[in-house]
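First the structure, which I've put down as C-alpha cells, then a few questions once you've had a look.
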Amino acid sequence: MDLSELDRDSTGRCRLNSPVPAVCRKEPCILGVDEAGRGPVLGPMVYAICYCPLSRLADLEALKVADSKTLSESERDRLFVKMQEDGDFVGWALDVLSPNLISTSMLGRVKYNLNSLSHDTATGLVQFALDQGVKVAQVFVDTVGLPDTYQERLQQRFPGIEVTVKAKADALYPVVSAASICAKVARDQAVKNWHFVEKLQGLDADYGSGYPNDPKTKAWLRKHVEPVFGFPQFVRFSWRTAQSILEKEAEGVMWEDSLTGDQEGPGRITSYFSEGARVRPRLPHRYFQERGLESATTL
C-alpha cells in the first residue's frame, strides 16, 4: 500500500484506491464501510470501503474475512493481499485523515466534531465509488453515533441505494469486515512508518497502543511534548489526554490584551444609567481583537 502522499504532507488527508473491477461496473454491487483509529490519541484515522458484485459475495465470504480487531496483524496483511489478488471482483478505497486534520477540525472557530467528520468521510467514499462507475445497490455501514439517525441521513443522500447501518457491522457483514481490514492495514502501516518532520531527539518508537488510557502512550506523550511548540504532528492535540499534558508540561502563554493600560473595561450595567456616565472608548469588533489588528493612523 503506497502511503507516500501522506509522507509528503502529514497535515491533511490522502485517498488511495484499487482499480475498479470491470464486473463492478456491470453488475449490482454490495459495499461496506468501516474505520480504524477513531479513538487513539496518536496517528491518523482511516476510513475504508470495500465492494464486490452481489453475485460474488460468496467468494468474498470464502476468503474468511472477519472483524479486523479479532485478527492478528499478519492475518490482516495476508487477507488484504488476498483481496488485491482477487481484484477481478473485489475493489476498495480509503481516506487517511491525519491527526492534524482531525484536531484542527475539532478546535476550529467553526466546530467540526469527530462524528460529523466521520459521517462526511464515509459519505464521500460511497460517492467516490459511484463516481468511479461502481453499480452500488446495497451499502452496509458500521455505525458512528445513533444507527437510525445515521442510516436515515445516508438513505436521504443516496435514495436509490438500500442502506443498512448497524452497531458491530464489521462482525455481522463480511463486506464490512473486508473494509475494516483495509482500514486497519492502512492505519498500521501509517503509524509504523510515520515520518516525523520535527526531527525529534531520542525518538522512542514504543508508544504502546496509541489509546489515551494506555500508560505507555501517556509516557510517550510526556516525553515528547515540547515546552513551547507542543506535540509533533503525530499527536491529536484536541484529545483531552494531550491537552492535560500540555497544561502541566508546557509553558504558559500570555496574550496581549487589546485594552491599553489606561483604558477601563466595561463596568456594571447600572453605571450606564447613572449621572455623569463615563465616556468609554469604543472597542473594535471581535474579529479584529482576536487577530490583534489595530487601526493604522499613519502609513
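Each reported figure results from applying straightforward, stated rules to the coordinates on display, with no laboratory input. What you see is a predicted model, and the numbers here were worked out from it, not measured in a lab. When we count neighbours, we look across all protein chains shown, and the Cβ atoms used for this are built from the backbone with ideal geometry, even at glycine.
For a Förster distance of 51 Å, can you work out the FRET efficiency between the beta-carbons of N193 and E162, rounded to the nearest 0.05?
0.85
Could you work out the local net charge near K82, counting Lys and Arg as +1, Asp and Glu as -1, over the other residues with Cβ closer than 12 Å to its Cβ?
My count for the surroundings of K82 gives -2.
Using helices alone, what [θ] at 222 nm do you get for the chain, with -39,500 (n - 2.57) per DSSP H run of 4 or more residues, divided over all residues and rounded to the nearest 500?
-10500 deg cm²/dmol
Any idea how far the Cα center of the range 95-168 sits from the one of the range 1-37, in Å?
First find each Cα centre; the distance between them is then 14 Å.
Want the number for Q84 to A22: 0.36 nm per residue separation, take away the alpha-carbon distance, what's left?
Fully extending the segment from Q84 to A22 adds 20.9 nm.
Hey, another quick one. Where in the range 183-206 is the amide nitrogen less than 18 Å from a point lying 7 Å along the Cα-to-Cβ axis of A219?
202-206
So, one more: Under the 0.36 nm per residue contour assumption, what length would be gained going from the current alpha-carbon distance of S295 and R153 to full extension?
Here the answer is 46.5 nm.
I've got another one for you. Provide the percentage of antiparallel DSSP beta bridges, counting only those with both residues in the chain; round to the nearest 5.
70
OK, next. The list (i) 212; (ii) 151; (iii) 127 gives values of volume of the Cα convex hull per residue in Å³, and only one came from this structure; which label was calculated from it?
The value matching this structure is (i).
While we're on this one: Past 27 Å, Cα to Cα: identify those pairs from K69/K166; K168/K223; K111/K248; K64/K216; K82/K216; K26/K82, in the order given.
Over 27 Å Cα-Cα: K168/K223; K64/K216; K82/K216.
Moving on to the next point. Tell me which DSSP H helices of the chain clear both cut-offs, 20 Å or more of axial length from alpha-carbon atoms and a mean Kyte-Doolittle hydropathy of at least -1.0.
Helices passing the filter in the chain: 114-131, 174-192.
May I ask you to list the residues of the range 22-45 whose amide nitrogen lies under 20 Å from a point 7 Å from Cα along the Cα→beta-carbon direction of R240?
Residues 37-43 fall inside that zone.
With the crude spin-label approximation of a point 7 Å out along Cα→Cβ, what separation in nm comes out for S74 versus E226?
Modelled inter-label distance: 3.9 nm.
Under the rule of at least 5 residues apart or a separate chain, name every residue whose amide H is placed under 5 Å from the amide H of L203.
Close amide H contacts, sequence-distant or interchain: none at all.
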